[in-house]
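What follows is a set of notes on a single structure, which appears directly below.
The values are calculated or read from the model by the stated rules, or taken from the named source; none is laboratory data. This one's a predicted model, so the numbers in the text were calculated from it and none came from an experiment. Positions of Cβ are generated from backbone atoms using ideal geometry, with glycine treated the same way; all protein chains shown enter the neighbour counts.
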Amino acid sequence: MPRLFRKLLTATLITLAASVSAQESIGLSTGQSLYLAIYSHLYHGDVHPKTGKPSETLVSTHVSIRNTDTTTPMKVSGARYYNTEGKLLREFLPRPQSIPPLGTYELYVPRSDSSGGSGANFIIDWSAEKAINPPIVEALHADIREARTLLFVTTARPIQVPKK
């Protein structure tokens, strides 16, 4: 019985190791469209009986597009900003931006810009001349005051966007 147990344990460990290895493999890409959730304000607290709405806090948003490839530059060709209703508010890039290996390109939505609402988002398009490590794209949301600090991060995820 101990011998059978060892064989089963060994087979299980090999299967687990292969599974972990497969999950950790890096999927290279020549480009993607990324969806990044953004919040220009957050609802909180109780619903006010007169207005029917909860309190809201405005936040600024610092978007960081990081080229994680160590040898190849990437190009960001679009950073479209949409509001809660899905209406395009503006294109943040006047022209495509090249990001060198391990470089970062940044976008900023000030606290005073509440046009996006609580369901705002960016669609960020990037490409590279050859398959590279996909970028890390995150948004740091902040409201920093003397009495309190509110910080949180959202992370982009790849989506399929129909070709025009």
Item to check | Subset of the stretch 28-52 that is within 30 Å of LYS163 (Cα to Cα) and among the hydroxyl-bearing types (Ser, Thr, Tyr) - its residue that is surrounded by the fewest Cβ atoms within 10 Å (Cβ to Cβ) | outcome: THR30
Checklist entry - If you go through the stretch 12-67 one residue at a time, how many are at pLDDT below 90 and among the aromatic types (Phe, Trp, Tyr)? => result 1
Checklist entry - Quick check, is SER55 among the polar types (S, T, N, Q), farther than 15 Å from TYR105 by Cβ and surrounded by 15 or more Cβ atoms within 10 Å (Cβ to Cβ)? => result no
Checklist entry - Does the stretch 84-96 contain any residue that is charged (D, E, K, R), in a strand (DSSP E or B) and in contact (Cβ under 8 Å) with a residue 60 or more places away in the chain? => result no
Checklist entry - Looking at this structure, is VAL109 in contact (Cβ under 8 Å) with a residue 60 or more places away in the chain, of a type in the set (A, V, I, L, M) and closer than 21 Å to ARG66 by Cβ? => result yes
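Residues SER115, SER64, SER98: which one is under 30 Å from PRO162 (Cβ atoms), among the hydroxyl-bearing types (Ser, Thr, Tyr), in contact with a strand residue (DSSP E or B) (Cβ under 9 Å, 6 or more places away or on another chain) and surrounded by 15 or more Cβ atoms within 10 Å (Cβ to Cβ)? So that I can check it myself, show each step before the final result.
Working: SER115 fails: surrounded by 15 or more Cβ atoms within 10 Å (Cβ to Cβ); SER98 fails: surrounded by 15 or more Cβ atoms within 10 Å (Cβ to Cβ).
Exactly one of SER115, SER64, SER98 is under 30 Å from PRO162 (Cβ atoms), among the hydroxyl-bearing types (Ser, Thr, Tyr), in contact with a strand residue (DSSP E or B) (Cβ under 9 Å, 6 or more places away or on another chain) and surrounded by 15 or more Cβ atoms within 10 Å (Cβ to Cβ), namely SER64.
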Item to check | Answer from THR57, THR61, THR72 - the residue that is under 18 Å from GLN32 (Cβ atoms), among the β-branched types (Val, Ile, Thr) and out of contact with any Ser or Thr (no Cβ under 6 Å at 6 or more places or on another chain) | outcome: THR72
Checklist entry - Out of (1) in a loop (DSSP other than H, G, I, E, B); (2) of a type outside the set (Val, Ile, Thr); (3) within 27 Å of ILE26 (Cα to Cα); (4) modelled with pLDDT of 95 or more, what's the single condition that is false for ALA128? => result (1)
Next on the checklist: Condition first: more than 21 Å from ASP125 (Cβ to Cβ) and not in a loop (DSSP other than H, G, I, E, B). Can you find one or more residues in the stretch 59-82 that meet it?
Outcome noted: yes
Next on the checklist: Contact list please: Cβ distance under 7 Å, first residue in the stretch 148-164 and within 13 Å of PHE122 (Cα to Cα), second residue surrounded by 10 or more Cβ atoms within 10 Å (Cβ to Cβ) and of a type in the set (Phe, Trp, Tyr), pairs at least six apart or on different chains.
Outcome noted: ALA156/TYR35; ARG157/TYR35; ILE159/TYR35
